[in-house]
Every structure is written in C-alpha cells, then in structure tokens.
Amino acid sequence: MKQKCYPPSKCAATACTDMAETLSLSATDKAGKYKELLPQLEALITGEPELTANLANIAAGLREAFGFFWVGFYLVKNDQLVLGPFQGPVACTRIGFGKGVCGTSWAEKRTQLVPDVDAFPGHIACSSASKSEIVVPVFNQMGEVAMVLDVDSDKLADFDTTDQQYLEQLAQIIQKHCL
Ligand code: SME
C-alpha cells in the first residue's frame, strides 16, 4: 500500500498505511458534493489528535471540492478570534467578540448567512473581492463557541441553506473528533 506521508521515514508506521491520500469527488451538484466530501473529511481526521493538521485538511478539502475564494478557521483565544488554518489570500489575524460576520457568529452562537457582505453592518473586508460569506460556529463539549468556520465567495449570494446544513454538520464532525 502507498505511503501517505513524505518522506515515509518521518511518519509513524501506523499513520501512513491505510488512509486515502486524495479526495474522491464526482458529484456536480452542491448537495451531492457535500455528501461525498463530509465522510471523507471525517475519515481523514478520525484518530488524528493534532487540531492544526485536521483543520488544515478540512479547509483544503472544502476549497478543493468547491473552489471557494477563501475558507478557513478563526479560533477563540481569550476575548478574540485568532486566524487558524485557511486556504486563500492572506486575511485579518484577529477579530473581536461581536465584530464582523465572524465575531457576530461567535456572539450570537449561530450561523451567519450573508448574501451581500456590503449590506452586513460591520463586515470586516479582508479582501475587496469577497462578495458573500457564510460563518458557522463550532461548539466545544460545553456548548461554548471554540472556533468559527468562515467561507467567502467572490460571487454575490453564493451560499444558501444547503451550505448551512452541511457546514453545520461538518461543525459537529469537528466537535466530535477534535474538541
Ligand atoms: N469577513 C470576515 C472577516 C474574515 S475574512 O472574510 C477572511 C468578517 O466580517 O468577520
């Protein structure tokens, strides 16, 4: 069986044997893509205790499947959100509680579905190319927000309740395996 890591000598023997090394994605519709992707992301993080590695792979998997403009995580550290693993252009490093779409998701403990970022009061424009956005909170076992998953598009109204449904499912997978 092929080794997953390179160089193989860097990997623990048990870590490199039986995991998929690529995503298998064939669906063309949005829901179909999520249905294919989520179990593969769950398999990828199952048994791996390193949070950074897991969030990095999830961000990469979402970008690979959907080609999102920006996808990544902001982690709660004391009274701020701090940029975590992401895919896309460089972004703001810190966001305050209740600030922007991400800080609002944290404060309100719920998903923010934003069809037009310019119409969202206090939106933080890390990139002027970002036109619509969805931010989903990820809760720890005590029900506190531990991080938010932020996905940006360079198209207006690119996210809908299908994205919300599956990204919230993904947040539960992250909670189950990583928090
Ligand atoms: N737009 C976000 C800031 C993060 S960037 O989009 C990556 C917000 O308003 O919170």
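Read-outs throughout are calculated quantities, based only on the coordinates presented, and are distinct from any laboratory measurement. This structure is a prediction, so every number in the text was calculated from the model and none was measured. FYI the Cβ positions are ideal-geometry reconstructions off the backbone, even for glycines, and counts take in every protein chain you see.
Counting other Cβ atoms within 10 Å, keep those with at most 14, restrict to DSSP loop, and tell me which GluC sites (Glu not before Pro) in the range 94-179 are left. Walk me through the numbers before you get to the answer.
Numbers: sites: 108, 133, 144, 168; in loops: 144.
Passing both the DSSP loop test and the Cβ count: 144.
Describe numerically, in nm with one decimal, the distance between label points set 7 Å from Cα along Cα→Cβ at residue 168 and at residue 28.
3.0 nm
As a test of understanding, state the convex hull volume per residue of the range 67-162 from its alpha carbons, in Å³.
Values: hull volume 9.1 nm³, N = 96.
It is 94 Å³ per residue.
Taking other Cβ within 10 Å of each residue's Cβ, how do 162, 22 sort, fewest first?
Values: 162 13, 22 7.
Lowest count first: 22, 162.
Could you list 147, 142 in order of exposure, starting from the residue whose Cβ has the fewest other Cβ atoms within 10 Å?
Working: 147 27, 142 7.
By the 10 Å Cβ count, ascending, the order reads 142, 147.
Per 10 Å bin from zero, what fraction in whole % of the C-alpha pairs of the range 8-178 is there, up to the bin with the longest pair?
The calculated distribution, bin by bin, is 10, 40, 35, 13, 2, 0.
Based on Cβ point charges of +1 for Lys and Arg and -1 for Asp and Glu, what charge dipole magnitude is obtained for the chain about its Cα centre, in debye rounded to the nearest 20?
Values: 15 positive and 21 negative charges, 71 e Å.
Dipole of the chain, to the nearest 20 debye: 340 debye.
Please identify the trypsin sites (Lys or Arg not before Pro) of the range 97-179 that satisfy two criteria: DSSP loop assignment and at most 16 other Cβ atoms within 10 Å. Which are they? Don't skip to the end; give the middle numbers.
Working: sites: 99, 109, 110, 131, 155, 176; in loops: 99, 109, 110, 131, 155.
Taking the range 97-179 and a limit of 16 other Cβ atoms within 10 Å, the loop trypsin sites (Lys or Arg not before Pro) found are 109, 110, 155.
Tell me the GluC sites (Glu not before Pro) within the range 20-53 that lie in a loop according to DSSP and have at most 16 other beta-carbon atoms within 10 Å. Can you show the working numbers first?
Numbers: sites: 21, 36, 42, 50; in loops: 21, 50.
Here the GluC sites (Glu not before Pro) that fit, given the DSSP loop and packing criteria, are 21, 50.
Just list whichever of 109/176; 77/109; 99/155; 155/176; 33/109 have alpha carbons separated by over 20 Å in the model shown.
Numbers: 109/176 18 Å; 77/109 16 Å; 99/155 23 Å; 155/176 32 Å; 33/109 26 Å.
Distance filter (> 20 Å) returns 99/155; 155/176; 33/109.
Using DSSP H assignments, which helices in the chain have an axial alpha-carbon span of 27 Å or above and a mean Kyte-Doolittle hydropathy of -1.0 or higher? Show your work: numbers first, answer last.
Details: long enough: none.
None pass (Cα extent of 27 Å or more, hydropathy at least -1.0).
Given axes a ≥ b ≥ c from the Cα gyration tensor, I'd like to know whether the range 111-179 is rounded (a/c under 1.5), prolate (a/b larger than b/c) or oblate. All intermediate terms of the calculation are to be shown ahead of the outcome.
Numbers: a/c = 2.64, a/b = 1.91, b/c = 1.39.
Prolate is the answer for the range 111-179, as a/c is 1.5 or above and a/b outweighs b/c.
Taking amide H positions as placed 1.01 Å from N in the peptide plane, with prolines and chain starts having none, which residues 5 or more places from residue 147, or on another chain, fall under 5 Å of its amide H?
Excluding prolines and chain starts, which carry no amide H, the hits are 76, 138.
Quick one: 28, 46, fewest Cβ neighbours within 10 Å first, how do they rank?
Values: 28 7, 46 12.
Ranked by crowding around the Cβ, least crowded first: 28, 46.
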